[in-house]
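The values are calculated or read from the model by the stated rules, or taken from the named source; none is laboratory data. Note that this is a predicted model, so its numbers are computed, not measured. FYI the Cβ positions are ideal-geometry reconstructions off the backbone, even for glycines, and counts take in every protein chain you see.
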Amino acid sequence: MSQDPREYNTEGYRKHKEPDGWGSPCPKDLDEDPQTLLDTGIPVDDEIYNVSGKYALCANTHLPGRWHGYLIPWSRLPKEAKNRLIDSGRLDDATFRKALRKNWGRGFDK
């Protein structure tokens, strides 16, 4: 992964935008702004993962240095990302187990 600064920028990328996008729409009730979630996220392979409230999120680059994020089911949060989010204090094991038990994010498949 590049060490370039990450910029949350969805200009020219409509997939998760309302009203004419497709895929899971961006939630209106996120606890944090997208740039903060990107900055505090955990890189795994070519993606960045984070959590906010009841949401698990993944971000991809769509142009060099420009990122967009989308919601994922908690069950798709990679183990490495989960463990590193717990180590960083962004997530705790009880919340992760609750999210799986309650099937949070089940409607957020790509």
Residue that is farthest from K98 (Cα to Cα) [pool: residues in the range 45-62 that are within 11 Å of the chain's Cα centre (by Cα) and not hydrophobic (A, V, I, L, M, F, W, C)]: N60
The range 57-82 - residue that is under 21 Å from D33 (Cβ atoms) and among the hydroxyl-bearing types (S, T, Y) and, of those, surrounded by the most Cβ atoms within 10 Å (Cβ to Cβ): T61
Considering only the range 23-80, state which residues are of a type in the set (F, W, Y) and either at pLDDT below 90 or within 14 Å of R106 (Cα to Cα) (or both). Y55, W67, Y70, W74
Would you confirm, using the coordinates I've provided, whether L85 is out of contact with any Ser or Thr (no Cβ under 6 Å at 6 or more places or on another chain), surrounded by 18 or more Cβ atoms within 10 Å (Cβ to Cβ) and free of Cβ contacts under 8 Å to residues at least 60 places away in the same chain? yes
Identify the single condition in (1) buried (at least 17 other Cβ atoms within 10 Å of the Cβ); (2) modelled with pLDDT under 95 that G107 does not satisfy, given that it satisfies every other one. (1)
